[in-house]
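See structure below.
The values are calculated or read from the model by the stated rules, or taken from the named source; none is laboratory data. In this text, all values refer to a predicted model and were calculated from it rather than measured experimentally. In this analysis, Cβ positions are derived from the backbone assuming ideal geometry, glycine residues included, and neighbour counts consider all displayed protein chains.
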Amino acid sequence: MTTFYDLSANSIRGEQISMSDYAGKVVLVVNTASECGFTPQYQGLQDLYAKYKDQGLVILGFPCNQFGGQEPGANDEIAEACQINYGVDFQMFEKVDVNGPDSHEVFQYLKRALPGLLGQKVKWNFTKFLISRDGKPMKRYAPTKAPESIEGDIKRALG
């Protein structure tokens with residue numbers, strides 16, 4: 001049976017990263033977009049990361065263009081926009097599909113483990129998945145759930 005740590009993805013710079021690199025950490029996986037009404041959540045995510053990274057929080061951002069074409073740029077443009085506009089220094093990955101036949105294996109796994117309102121689909125940009133230190137998916141959050149509103153769950157997961 002596949003676990004979160006068996007998966008991998010390419011960073012926004014093209015390097016393959018194994019999710020096992022995050023073993024022992026609390027992981028928040030988010031599908032992101034640069035031209036979405038929820039794009040200001042990058043700031044909330046960055047604030048959470050800055051506050052809790054030394055305690056073991058990692059945030060993994062996966063740009064996706066499947067919802068309203070709100071992430072049209074190339075990977076280097078996305079990386080630059082995240083850095084310039086929000087000071088993002090958490091790990092960003094290459095643009096991926098989160099739904100459909102070409103959905104990335106990380107999202108295939110998370111949607112199976114934590115189905116949402118639409119079952120095994122991601123509803124929109126900035127859907128969030130919280131994963132415990134032992135790699136078990138814990139909780140899924142709707143796109144409308146602001147990052148600061150899940151801080152209590154993150155603190156509990158960090159122990």
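Considering only residues in segment 52-65 that are closer than 17 Å to Phe107 by Cβ and part of a loop (DSSP other than H, G, I, E, B), the one that is nearest to the chain's Cα centre (by Cα) turns out to be Cys64. For the criterion of being without any contact (Cβ under 8 Å) to a residue 40 or more places away in the chain and out of contact with any Lys or Arg (no Cβ under 8 Å at 6 or more places or on another chain), Gly152 passes. Can Gly100 be described as of a type outside the set (Ser, Thr, Tyr) and farther than 22 Å from Lys121 by Cβ? Spelling it out, it is not the case that Gly100 is of a type outside the set (Ser, Thr, Tyr) and farther than 22 Å from Lys121 by Cβ.
Looking across segment 83-109 at every residue that is outside any loop (DSSP other than H, G, I, E, B) and at pLDDT below 95, the one that is surrounded by the most Cβ atoms within 10 Å (Cβ to Cβ) is identified as Tyr86.
Checking the stated criteria, Gly68 turns out to be modelled with pLDDT under 95, farther than 23 Å from Arg13 by Cα and either under 14 Å from the mean Cα position of the chain (by Cα) or not hydrophobic (A, V, I, L, M, F, W, C) (or both). Considering the conditions (1) surrounded by fewer than 18 Cβ atoms within 10 Å (Cβ to Cβ); (2) touching a Lys or Arg at 6+ places or on another chain (Cβ under 7 Å); (3) not hydrophobic (A, V, I, L, M, F, W, C), Pro63 is excluded by exactly one of them, (1). All conditions but one from (1) at pLDDT below 95; (2) aliphatic (A, V, I, L, M); (3) out of contact with any strand residue (DSSP E or B) (no Cβ under 9 Å at 6 or more places or on another chain) apply to Ala23; the one that does not is (1).
In the set (1) β-branched (Val, Ile, Thr); (2) touching an Asp or Glu at 6+ places or on another chain (Cβ under 8 Å); (3) over 19 Å from Asn75 (Cα atoms), Thr32 fails one condition alone, (3).
Which of the residues belonging to segment 117-159 are outside any helix (DSSP H, G or I), more than 19 Å from Gln70 (Cβ to Cβ) and small (Gly, Ala, Ser)? Within segment 117-159, Gly119, Ser132, Gly135, Gly159 qualify.
When segment 3-37 is filtered for residues that are of a type outside the set (Gly, Ala, Ser), touching a helix residue (DSSP H, G or I) at 6+ places or on another chain (Cβ under 6 Å) and over 16 Å from Val96 (Cβ atoms), the ones remaining, listed by number, are Tyr5, Val26. What about Ala33, is it modelled with pLDDT under 95 and exposed (fewer than 15 other Cβ atoms within 10 Å of the Cβ)? No, not satisfied.
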